[in-house]
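The values are calculated or read from the model by the stated rules, or taken from the named source; none is laboratory data. Just so we're clear, the structure is a prediction, and the values are computed from it rather than from any experiment. Here the Cβ positions follow ideal geometry from the backbone for every residue, glycine too, while neighbour counts run over all protein chains shown. Protein only, heavy atoms only, side chains kept; ligands, DNA and RNA dropped before computing areas. Shrake-Rupley method; radii C 1.70, N 1.55, O 1.52, S 1.80 Å.
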Amino acid sequence: MDTTNNHSKEQKPLGFGKTMLASAVGFIIGIMALNIISFIFIIGMLASALSSSMDDSTPITGNQLAVELNVSGAVSEAEPNELMALFGNEATCSLTQMLCAIDNAATDKRVKALYLHFGASDLSWAQAEELKDALKAFRAQCDKPIIAYGESLTQPEYYLATAADKIAVHPSGLVEFKGLGAEYIFYKGLLDKLGVHMELIRPTSCAYKSAGEVYTRTDMSDANREQVRSYINSTWQYVSQNIAASRNMTVEQINAIADNLTGFLADDAMKSGLVDTLCFAQDIKNTFRDRYEVKKIVTAKRYAMDVKKKDTDSRIAVIYAEGQVVPGKNTNGNTAVYGDDIVKALNDAAKDKKVKAIVLRVNSPGGAVTASEDMTHAVIEAKKVKPVIVSMSALAASAGYEISCFGTKIVAQPTTITGSIGVFATLPEVGQLLRNKLGITTDTVMTNKNSTGLTLMRPLSADARAMMQKNVEDFYITFTQRVADGRGLTREYVDSIGRGRVWTGLQAKELGLVDTLGGLTLALHIAAEEAGVDYSKCSLKTFPEKKSMWELLMNRVNADEEEELKARLNAIVPFYDELVMWSNMEPLQARLPFAIRLD
């Protein structure tokens with residue numbers, strides 16, 4: 001038998017077409033298998049997280065508890081959506097949940113103490129004031145101890161910590177006690193090198209509306225410097241007085257410590273009287289166990305879930321407007337004030353017969369004019385049906401103030417940043433960049449002389465500039481008239497305190513832009529009073545309605561790569577998010593005149 005020939009036949013290679021087909025089939029099967037495995041993995045993660053979440057929602061057992069308020073990372077206003085709650089830090093919770101925990105812990109016999117645990121948070125001055133007020137109310141109702149501890153403390157964190165009976169810091173930690181300063185990054189020099197010119201158009205009277213100056217100047221304008229100095233001085237004067245009172249010092253002593261950085265290092269902080277002791281986190285837990293007989297420390301998030309009120313026939317709707325004001329609907333779970341969503345929330349709350357009053361919680365620097373106008377109109381319509389109380393958090397400026405000005409009452413913290421009543425437009429011209437750096441040129445054919453008058457490729461035409469100037473002037477008149485109508489003032493007076501100028505809540509109250517000073521809790525009580533209902537018998541209903549878990553999960557999966565890229569860029573490019581926002585924004589904007597970073 002000739003085995004050689006048989007062997008040759010067995011080894012005959014496949015043709016090109018068959019090889020390609022086999023490879024394609026194998027590739028498709030591999031991709032399908034990978035997708036199936038990925039899907040099973042995601043479902044497994046979800047099931048595990050759901051199981052963990054269910055454990056968190058089970059009733060708390062025991063009667064010797066300490067409630068831990070873990071103040072770390074970004075402190076959001078509202079309770080996180082289900083997906084963020086599942087995959088986020090188990091210990092962290094929203095401002096709303098912390099307020100709920102503090103309020104209930106005062107009269108809950110199971111709770112023996114409160115534990116403020118700080119960890120590199122983005123806590124704002126207004127949020128710190130909100131929690132500090134809650135702790136004052138807690139102290140007025142009971143004699144349970146409050147202990148604050150942090151590896152290091154930012155200034156707003158330290159301000160909140162002064163409401164505690166004892167402040168402890170890690171022996172190698174820091175207290176960033178140095179007063180307030182504002183530093184701004186200007187991009188004009190970079191844009192000049194690239195060949196990009198940014199056109200900034202604002203009303204002639206709005207010198208304080210300095211948004212866009214970071215692209216047209218290399219330093220602060222006199223008007224901007226004036227307003228920044230005014231509001232940071234107002235903020236520091238207020239908080240330093242309160243810190244001095246809490247620590248039995250004088251304001252002069254507090255400022256001397258800040259001037260000379262003699263409370264910055266842990267040892268110095270203790271010697272100067274800013275903190276009471278240096279220790280480790282385990283030492284705090286031992287103190288709770290040995291001195292206060294605490295057997296279990298539960299997170300504020302879990303405790304808030306345990307004591308959450310059941311739904312009643314008397315509801316107060318809480319609508320959260322947090323982030324940049326943008327048009328449209330939120331489809332990806334980002335934190336922003338989406339105009340369509342807030343309009344729907346206001347309409348739904350106004351129509352809900354169980355809702356007796358609405359609290360609009362605003363934490364926004366402003367943004368798109370069109371979305372702002374839509375939401376302002378919705379507030380006006382909702383107010384015809386039931387009270388709308390505005391509660392301002394850290395920011396309620398520009399468009400954030402416009403949507404607030406028609407509230408039945410406006411409540412703000414002394415350190416809230418508000419006002420900035422003004423408008424501007426920005427238009428970049430990138431023709432020189434494309435020509436000189438990339439060799440890209442354009443040519444035009446027009447039916448009318450201004451058909452390409454607003455192009456990005458060349459400077460504005462004289463007619464286009466005049467049109468845009470008229471646009472911002474007209475809207476500024478509209479804006480100031482809205483504030484005048486909403487606040488019962490004259491437009492001339494609003495213009496005199498407007499012009500894009502930023503104010504603190506304390507200053508805004510004196511000017512008539514705010515009714516009273518306080519936080520969300522006070523706003524809720526005012527809402528119940530305005531509606532003629534007993535607050536103790538009311539439940540809270542949050543708007544906008546939360547998305548389903550499936551929607552959130554799919555959006556999260558699709559956004560993972562983008563979020564990872566943004567995180568990397570944020571680490572190396574200052575104000576990267578701000579730059580992205582500027583590149584995508586509508587031309588006409590009513591927003592805070594700068595990106596705030598107070599150090």
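For region 365-484, what is the per residue volume of the convex hull drawn over the alpha-carbon atoms, in cubic angstrom?
144
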>> Once ligands and nucleic acids are excluded and a 1.4 Å probe is used, how much of TYR338 is accessible, expressed in Å² to the nearest 10?
In response: 30
> Measuring from label point to label point, each 7 Å out along Cα→Cβ, what is the CYS279 to LYS136 span in nm?
Replying inline: 2.8
> Between ILE440 and GLU176, how many nm apart are label points set 7 Å from Cα along the C-beta direction?
Replying inline: 3.9
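I'd like the carbon and sulfur percentage of the solvent accessible area for region 249-401, probe radius 1.4 Å, heavy atoms only, ligands and nucleic acids excluded. If you can, show how the numbers build up before the last one.
Numbers: 3330 of 6660 Å².
Roughly 50 percent, rounded to a whole number.
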> Which GluC sites (Glu not before Pro) does region 149-254 hold that lie in a coil by DSSP with at most 11 other beta carbons within 10 Å?
Replying inline: GLU183
> Under a 1.4 angstrom probe, counting protein chains only, how are LYS384, LYS188 ranked by accessible area, largest first?
Replying inline: LYS384, LYS188
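For region 190-348, count the residues as N, evaluate 2.2 N^0.38 Å, and divide the Cα radius of gyration by that value, please.
Working: Rg = 24.9 Å, N = 159, 2.2 N^0.38 = 15.1 Å.
Expressed relative to 2.2 N^0.38 Å, the Cα Rg reads 1.65.
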> How much of LYS470 can a 1.4 Å solvent probe reach, expressed as accessible area in Å² and rounded to 10?
Replying inline: 120
>> I'd like the accessible area for TRP236: 1.4 Å probe, protein heavy atoms, all chains in place, Å² to the nearest 10.
In response: 40
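Probe radius 1.4 Å, ligands and nucleic acids left out: which of MET270, MET220 has the largest accessible area, and how do the rest follow?
The ordering from most to least exposed comes out as MET270, MET220.
Given axes a ≥ b ≥ c from the Cα gyration tensor, I'd like to know whether region 67-218 is rounded (a/c under 1.5), prolate (a/b larger than b/c) or oblate. Mind showing how you got there, number by number?
Working: a/c = 2.46, a/b = 2.25, b/c = 1.09.
Prolate, since a/c reaches 1.5 and a/b exceeds b/c.
How large is the accessible surface per residue of region 333-384, computed with a 1.4 Å probe and reported in Å² as a whole number? List each step's numbers first, then the result.
Numbers: 1890 Å² over 52 residues.
Spelled out: the 1.4 Å probe surface of region 333-384, per residue, equals 36 Å².
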> With all protein chains present and a 1.4 Å probe, how do PHE280, PHE186 order by accessible area, largest first?
Replying inline: PHE280, PHE186
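Quick check on region 195-283: take the gyration tensor over C-alpha atoms, sort the square-rooted eigenvalues as a ≥ b ≥ c, and tell me if it's rounded (a/c under 1.5), prolate or oblate.
Here region 195-283 falls in the prolate category.
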> ARG289 versus LYS109, label points 7 Å from Cα toward the beta carbon: distance in nm?
Replying inline: 2.7
> With respect to the cross-link table entries LYS383/LYS470; LYS386/LYS537; LYS353/LYS509; LYS329/LYS356; LYS351/LYS409, which display a Cα-Cα separation exceeding 29 Å?
Replying inline: LYS383/LYS470; LYS353/LYS509
> Given the C-alpha centroids of region 495-543 and region 459-484, what is the distance between them in whole angstrom?
Replying inline: 30
>> Under the rule of at least 5 residues apart or a separate chain, name every residue whose amide H is placed under 5 Å from the amide H of LYS166.
In response: ILE146, ALA148
> Which whole-angstrom value gives the distance between the alpha carbon centres of region 216-293 and region 91-112?
Replying inline: 25
